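Beneath this line is the structure, given in structure tokens, with notes to follow.
The values are calculated or read from the model by the stated rules, or taken from the named source; none is laboratory data. It should be emphasised that the depicted structure is a prediction, and the values quoted were computed from it without experimental measurement. Virtual Cβ from ideal backbone geometry, glycine too; neighbours counted across all protein chains shown.
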């Protein structure tokens, strides 16, 4: 298929932090193409929003928007979905492939930022910092008993780019590090004195369990009743990955019963969560609005990587960070 000249292309940018910390990301993108349309809603776009506009664009730098088969089938000119982040579970990969659309991501771009939030949430949950703040501002003077990170067992489920940044940051706390991951990295484990365990053993001995895996058919709702029963009594669950990893009803029951000490969640299966979500009613649950990647450094790096891959495809070149390549026959029309 003949490629449209870059200067005639239109790009949709949905992440609201794109170019927020570096205006040159916007200026450079705008100089290269005919038109750039930014998401001004302040939140991820819904299906109805995208269906109204997607057919006008040749490229998309996508945030946490749900890009399903309906949207892809309506996107007559779309050649690339450049995910602004590492996760791509909200993009219908097979539909994109059949439609001749590249899907790319930005692996590792937000790893340090998400790792720092993971540590922050661990400390906040261990010391009940948000609850202490609220009660003290109300005029109370609560005597809250916390736990230290010093000497505790910190379990990492997954050992990808984020978890690898969590590891050196925990060393200063003298934690004992254990991990479970289907794809082992013995060299990294040995270099950082990390013990590899089966999932059941990790859950039974860890004082903190932190999730760092993508959502797949295997990991979806992996944190269920059985998983939670195997966790050490009084332990803390941290999720800076995806909300779909957790059965939220099962987590609520485990926390309410006192089996788990606390949970710190940066992601929910529905975002934002409903106001009547029972997890929000528990003081031992810390929640943040999926902000792991919301830092200056992460935004700049994700923006640069997504922009470069988006432009590469529109120029007829092979992008660098490919999640899926389109079927060749889909482009021959």
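Give 278, 283 a once-over and let me know the one that is in contact (Cβ under 8 Å) with a residue 60 or more places away in the chain and over 30 Å from residue 57 (Cα atoms).
Matching residue, one of 278, 283: 283.
Restricting to the range 124-168, count the residues that are surrounded by 15 or more Cβ atoms within 10 Å (Cβ to Cβ) and part of a helix (DSSP H, G or I).
The total comes to 16.
Would it be correct to say that residue 245 is in the same structural domain as residue 147 (by TED's automatic domain parsing), over 19 Å from residue 290 (Cα atoms) and without any contact (Cβ under 8 Å) to a residue 60 or more places away in the chain?
No, not satisfied.
Of all residues in the range 6-39, count the ones that are at pLDDT below 95 and under 19 Å from residue 101 (Cα atoms).
0
Take residue 124 and tell me if it is at pLDDT 95 or above, over 19 Å from the mean Cα position of the chain (by Cα) and within 18 Å of residue 265 (Cα to Cα).
Spelling it out, residue 124 is indeed at pLDDT 95 or above, over 19 Å from the mean Cα position of the chain (by Cα) and within 18 Å of residue 265 (Cα to Cα).
Those residues that are loosely packed, with under 14 Cβ neighbours inside 10 Å and under 23 Å from residue 272 (Cα atoms), I need them from the range 14-46; list them, please.
Once the filter is applied, which keeps residues that are loosely packed, with under 14 Cβ neighbours inside 10 Å and under 23 Å from residue 272 (Cα atoms), the range 14-46 yields 40, 41, 42, 46.
Regarding the range 168-176, can at least one residue be identified that is within 23 Å of residue 287 (Cα to Cα) and out of contact with any strand residue (DSSP E or B) (no Cβ under 6 Å at 6 or more places or on another chain)?
yes
Could you tell me which of the residues 11, 71, 67, 61 is out of contact with any strand residue (DSSP E or B) (no Cβ under 9 Å at 6 or more places or on another chain) and surrounded by 22 or more Cβ atoms within 10 Å (Cβ to Cβ)?
Among 11, 71, 67, 61, only 71 is out of contact with any strand residue (DSSP E or B) (no Cβ under 9 Å at 6 or more places or on another chain) and surrounded by 22 or more Cβ atoms within 10 Å (Cβ to Cβ).
What's the number of the only condition in (1) more than 25 Å from residue 284 (Cα to Cα); (2) touching a strand residue (DSSP E or B) at 6+ places or on another chain (Cβ under 8 Å); (3) free of Cβ contacts under 8 Å to residues at least 40 places away in the same chain that residue 151 fails to meet?
(1)
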